[in-house]
Amino acid sequence: MTLTTDAVVVGAGIGGLVAAHALAEHGLRVVVLEAAHRAGGPIRGGSFGSLPGVPLDLGAESFAVRGGVVEELAEKLGLTIEAPAGLSAWGYAAGRAFPLPAAGVLGIPSRPWAGDVRRAIGWPGVLRGSLDRVLPSRFVDTTDLGTFARSRLGSRVADRLVTPVAAGVHSAPLDRLDVAAVAPGLLDAYARTGSLSRAVASLRAAAPPGSAVRGIDGGIHTLVNALVERLDVRLGARVVGVERAGAIEQVRREAAAGAETGAAAADTVGRGDADWLVHIMNGQVLRAPRLVLATRAEFGPLPAAGAEIALPPAPERGADIRLVTLLLEAPELDAAPRGSGMLVAPGTTPGAVRAKALTHATVKWPWLARRVRDAVGPGWHVVRLSYGRIGEPTPEPTADEAARDASALLGVDLTGRVRDVLHQRWDGSLPPPTPAYRAAIKQFEDAVRAEPGLDVTGGWIAGTGLAAIVGHARGIAERLGERS
Ligand SMILES: Cc1cc2nc3c(=O)[nH]c(=O)nc-3n(C[C@H](O)[C@H](O)[C@H](O)COP(=O)(O)OP(=O)(O)OC[C@H]3O[C@@H](n4cnc5c(N)ncnc54)[C@H](O)[C@@H]3O)c2cc1C
């Protein structure tokens, strides 16, 4: 059976949902096809069995304010945005805990000599880091974050400040992170200012004051719920192939004719021959003039008016991440001993701590603290520990091990205080945005953009994180949104 619609979106992660929502706002009928039995990918809600009324995020829990796109969307969907409590995050490196310097980007300090930087990396680190202000800006390899940060600011800054933050967020070593992908705007600012710390200062000055991230009252997953409610999302619908409805020669003729007459590629959209046929595993076929791939297609290459478009090589497998969320009865944590949480540098905690990050969720998110207090009274806390880095064996922490790690990181004995626990696995998530992969993606995206009625979005194209994905996915409507 073939169903005809205006646009088909493959994948109901945040990228696909936002692209579909933007197309629907242009008055198009959109169908979203999702292989899994729930939407949202790593944006997922849940709750403790003992506190069913208190929502929790079991994956992504915040978004970067960069660009203002996620806030705009959340407001449009009627959700309440909330800033994290003003407490700083802490770092843990070389066996020491310290508040992370306030004025940084991905742990890169804007003033390497500032008091909070000195307390974290000591005088030798400060002296080396300050050289960044006088070293010539040319002849520096800026492709990966590790080489860039190390050559400008030295290894203490790279290992103790940048690694816990950047490698914690992306679950990959610094040398696997493409600078342009993980720190948008940083390279332009570096070219303008001639120094990495000055570039960070200029990005911070341009950003809204206060924290660079926000949450949503009720959890980030409410964003997915709100989008799904407004869209036609078909769950359990795995797409197994796509093709053009007409003979590919016909499509090519149309595209060539369009090019000769100077018509935009989009002009061929809506002529039946150029329609896409999208095959679902259950045998159903959807036909539409517009197709958005919001996940890395497992079925390529893509039929195209020009030469076939080969899919970019698969990214390096991301880390197997384990999240352990603990409900703790521990009034000692009311004092927020380590601010909103900690990011742990790898290899610096012999024996004791295996977690790579800890979020003190009831300190970080006032909405969650209110709900937990209303449900069970004061003195109860939610703490989330994150495990798993590229190149390490997959960790399988038990609740007791996680509680031991939390005790070490928070400096409070939490033995016997666990009242409930949630385990969440994210296998192979967060493939590292290596410079080679980003270059291949750029080439692929350019080829797709030249193709009438076809677009791609999602983290595999736009880079990890809601700020990058939402902005990219909304842009699709400008290219594919016009009704023909
Ligand atoms: C543990 C964790 C914590 C994170 N925390 C944050 C955070 O706090 N803030 C932040 O900004 N980002 C965070 N991220 C990153 C962020 O969640 C992701 O970058 C983002 O959710 C990816 O969205 P996406 O739409 O690109 O991909 P996905 O959400 O992976 O969506 C792709 C969808 O396509 C579906 N699919 C695949 N193949 C097919 C097929 N053949 N047919 C149909 N459907 C198919 C998949 O089932 C999936 O649902 C976190 C990620 C993880 C893993």
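The values are calculated or read from the model by the stated rules, or taken from the named source; none is laboratory data. Predicted model only: the values in this text are computed from it and were never measured. Heads up, the Cβs are rebuilt from the backbone with ideal geometry, glycines too, and the neighbour counts pull from every protein chain shown.
Tabulated results
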| read-out | value |
| --- | --- |
| Test result for Gln424, in contact (Cβ under 8 Å) with a residue 60 or more places away in the chain and within 12 Å of the ligand (Cβ to nearest atom) | yes |
| Residue list for the stretch 56-72, filter: crowded, with 18+ Cβ neighbours inside 10 Å and more than 9 Å from the ligand (Cβ to nearest atom) | Leu56, Val65, Arg66, Val69, Glu71 |
| Single match in Gly49, Gly45 (criterion: within 16 Å of the ligand (Cβ to nearest atom), at pLDDT 95 or above, out of contact with any Lys or Arg (no Cβ under 7 Å at 6 or more places or on another chain) and within 25 Å of Arg384 (Cβ to Cβ)) | Gly45 |
| First in the stretch 383-406 and closer than 15 Å to Leu422 by Cβ, second anywhere and surrounded by fewer than 17 Cβ atoms within 10 Å (Cβ to Cβ), Cβ under 7 Å, 6 or more apart | Ala403/Thr415 |
| Lone unmet requirement of (1) more than 16 Å from the ligand (Cβ to nearest atom); (2) buried (at least 23 other Cβ atoms within 10 Å of the Cβ) for Ser171 | (1) |
| Candidates Leu358, Leu343, Leu328, filtered to the one that is part of a strand (DSSP E or B) and more than 22 Å from the chain's Cα centre (by Cα) | Leu328 |
| Ala24 vs. criteria over 22 Å from the mean Cα position of the chain (by Cα), at pLDDT 95 or above, more than 12 Å from the ligand (Cβ to nearest atom) and crowded, with 19+ Cβ neighbours inside 10 Å | yes |
